[in-house]
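**Q** What follows is a single structure, and I will ask about it in a moment.
The values are calculated or read from the model by the stated rules, or taken from the named source; none is laboratory data. On a predicted model such as this, the values are computed, not experimentally measured, just so you know. Cβ placement follows ideal geometry from the backbone for every residue including glycine, while neighbour counts extend to all protein chains displayed. Note: accessible area is taken over every heavy atom of the protein model, side chains too, but ligands, DNA and RNA are not part of it. Shrake-Rupley method; radii C 1.70, N 1.55, O 1.52, S 1.80 Å.
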Amino acid sequence: MKKLREIKNGDLYYNGYNLKELAKEYGTPLKITFLDVIGEHINSLKEAFNKAKNELGYTGKFIYLNANKANYGKEEIETSFLSSDGLETSSYYDLLLTTKMFNKHPEFKNKLIVSNGLKLHDYCDAIVDTYNQGYDIIDIIDDLNEYEYLKSKNLPIKVGMRIHLSSLYEAEVPDDRFGLMAQDIKYILDDIKNTKLILTTIHYHQRGFDYEEDKFKENLLKAFNHYLNAKKLYPTVVNFDIGGGMPLPIEENFNYDSFAKTTLSYLKELCEKNHLDMPNIIGENGKFSQKDSTVNIYKVVGVKNTGAYPWHIVDGSLLIALPEMYALGEPILVMPINNLDKPMQQVRLAGITCDCDDVFFDKSKGYFEISKKEDNYIGLIGTGSYQNSMNGKGGVHHCLLPEEKDLLIYTKDGKEVREIRHELQTIEDVYRIINFK
Ligand SMILES: Cc1ncc(COP(=O)(O)O)c(C=O)c1O
């Protein structure tokens, strides 16, 4: 995996770009999306798995899907669609967007669509429509109502079973509402032979921000036992879908080659022990595809002394920019992007909202380190997944603060392109949204 961060002469370079220089050129608050990073991440994971496959003689394929829910930017989904083997959808609306993307690229008609989530009739009907249009779609069944409804359509649609796994990450998800319980699985395994549906996939969602090998293997083994049972009855079961939750390159030294090798050799060993064909592995990657592509940059515009540490106020809202961090404790790197070689001081950061929760500092230390100089910029590194959906991109934000200028940087025909996707939001944009004429 390419190393994205580098410090040179006191400035942070990201993906080869001096972030302070970009901030000065385009102004702050600024959000920059490096679209190439998305394709590079996807391709490097596919390479790691293909290398492991060849080394181990693993006979199944590795199928990389982009989990759209991580970022609904058209450019982000399109970029990931081009490199990945298909798209994963999580709702009726997501499937509509996915078929629109497929229609835009008829040359990729054969890529895969995997549909997850709880499905009411609108979502099931859209799956049937997508199937009827000739797309390769797998519906991952999450409950029996969905199964019965789909079965009543009398069509040879490919389906999978999402296995309910009691979470090994108890602290994060005390209870998981997804997936089929043992009695539902048994019912489907007994019944599906009397239907036209084709069982192809065993699915579970490997959740968790941090990769821990023993927990990963434990989850995998639980789901594998369902693959074993299903495969014995139905040779059509060829896919083992591990969902999302791919380890993230937060630790820049994480070794994806060895992760791929560990995963495939464990699966190979289980298959050989049970005299089974090795399944295709499907990964539905949201954060892994999108997170690292985006950084936000703010300038320190004021200092205020009211407590133990001086408040350094930035020209944006940290709370709005990092909803996943504030709501779910997702780690996102917040750091100065310039003056990193200068003497430091201990401060706390705050956004320019009128909200006392709009603050940031290292909780374990009680402060944030920034240079003693005056022209300080702060970067939020890795805001590409989930932040946009959670903070309502293009919406009305806290204290009516304008949404950041939105800059895309990517390569086209070997040349660098810079494109302002949206200018800094204006108060007129906000009036339009709230219908204030
Ligand atoms: C079924 C399923 N697949 C994939 C994902 C994407 O997960 P991540 O963004 O951690 O890769 C999720 C996330 O909620 C999910 O529920």
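**Q** Quick check on the range 263-272. Is at least one of its residues part of a loop (DSSP other than H, G, I, E, B) and more than 14 Å from the ligand (Cβ to nearest atom)?
**A** no
**Q** Separate question: Filter the range 62-75 down to the residues that are closer than 22 Å to R207 by Cα and either part of a helix (DSSP H, G or I) or more than 14 Å from the ligand (Cβ to nearest atom) (or both) and list them by number. Explain how you work it out, then say what you get.
**A** Residues of the range 62-75 that are closer than 22 Å to R207 by Cα, as a first pass: 62-72.
Those that are closer than 22 Å to R207 by Cα and either part of a helix (DSSP H, G or I) or more than 14 Å from the ligand (Cβ to nearest atom) (or both): F62, N68, K69, A70.
**Q** Restrict the check to the range 374-383 and report whether at least one residue is in the same structural domain as E324 (by TED's automatic domain parsing) and either among the charged types (D, E, K, R) or open to solvent by 30 Å² or more (accessible area, probe 1.4 Å) (or both).
**A** Within the range 374-383, one or more residues are in the same structural domain as E324 (by TED's automatic domain parsing) and either among the charged types (D, E, K, R) or open to solvent by 30 Å² or more (accessible area, probe 1.4 Å) (or both).
**Q** Restricting attention to the range 194-208, which residues are open to solvent by less than 60 Å² (accessible area, probe 1.4 Å) and either under 15 Å from R162 (Cα atoms) or within 16 Å of the ligand (Cβ to nearest atom) (or both)? Reasoning before the result, please.
**A** So the first thing to find is which residues in the range 194-208 are open to solvent by less than 60 Å² (accessible area, probe 1.4 Å), and the list is 195, 197-204, 206, 208.
Residues satisfying the conditions are I198, L199, T200, T201, I202, H203, Y204, Q206, G208.
**Q** Among the residues of the range 226-250, how many are free of Cβ contacts under 8 Å to residues at least 24 places away in the same chain and either crowded, with 20+ Cβ neighbours inside 10 Å or under 26 Å from L45 (Cβ atoms) (or both)?
**A** 0
**Q** Now a separate question. Going through V314, V295, V300, V347 one at a time, which residue ends up being surrounded by 19 or more Cβ atoms within 10 Å (Cβ to Cβ), more than 16 Å from the ligand (Cβ to nearest atom) and within 30 Å of Q206 (Cα to Cα)?
**A** V295
**Q** Mind checking which pairs have a first residue in the range 317-329 that is in the same structural domain as K363 (by TED's automatic domain parsing) and a second that is of a type in the set (D, E, K, R) and surrounded by fewer than 16 Cβ atoms within 10 Å (Cβ to Cβ), Cβ under 7 Å, 6 or more apart or different chains?
**A** Note: pairs meeting the criteria are L319/D355; L319/D357.
**Q** From the residues in the range 384-413 that are within 16 Å of the ligand (Cβ to nearest atom) and either surrounded by fewer than 19 Cβ atoms within 10 Å (Cβ to Cβ) or aromatic (F, W, Y) (or both), which one is nearest to the chain's Cα centre (by Cα)?
**A** Y386
**Q** If you don't mind, there's one more thing I want to ask. Listed residues K268, K273; which is assigned by TED's automatic domain parsing to the domain that holds A67, basic (K, R) and open to solvent by less than 50 Å² (accessible area, probe 1.4 Å)?
**A** Among K268, K273, only K268 is assigned by TED's automatic domain parsing to the domain that holds A67, basic (K, R) and open to solvent by less than 50 Å² (accessible area, probe 1.4 Å).
**Q** Could you check how many residues of the range 350-362 are among the charged types (D, E, K, R) and open to solvent by 60 Å² or more (accessible area, probe 1.4 Å)?
**A** Of the residues in that region, 1 qualify.
**Q** Of the residues E55, E6, E21, which is open to solvent by 40 Å² or more (accessible area, probe 1.4 Å) and part of a strand (DSSP E or B)?
**A** On the way: E55 fails: part of a strand (DSSP E or B); E21 fails: part of a strand (DSSP E or B).
Residue meeting the stated conditions: E6.
Every residue, every condition in (1) outside any strand (DSSP E or B); (2) surrounded by fewer than 15 Cβ atoms within 10 Å (Cβ to Cβ); (3) away from the ligand (no atom under 13 Å from the Cβ), yes or no:
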{"site": "F81", "(1), (2), (3)": "yes, no, yes"}
{"site": "L87", "(1), (2), (3)": "no, no, no"}
{"site": "L97", "(1), (2), (3)": "yes, no, yes"}
{"site": "M101", "(1), (2), (3)": "yes, no, yes"}
{"site": "E107", "(1), (2), (3)": "yes, yes, yes"}
{"site": "V114", "(1), (2), (3)": "no, no, no"}
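**Q** One residue is enough: does the range 222-238 have a residue meeting the conditions within 14 Å of the ligand (Cβ to nearest atom), at pLDDT below 90, in a helix (DSSP H, G or I) and not β-branched (V, I, T)?
**A** Looking through the range 222-238, none of the residues is within 14 Å of the ligand (Cβ to nearest atom), at pLDDT below 90, in a helix (DSSP H, G or I) and not β-branched (V, I, T).
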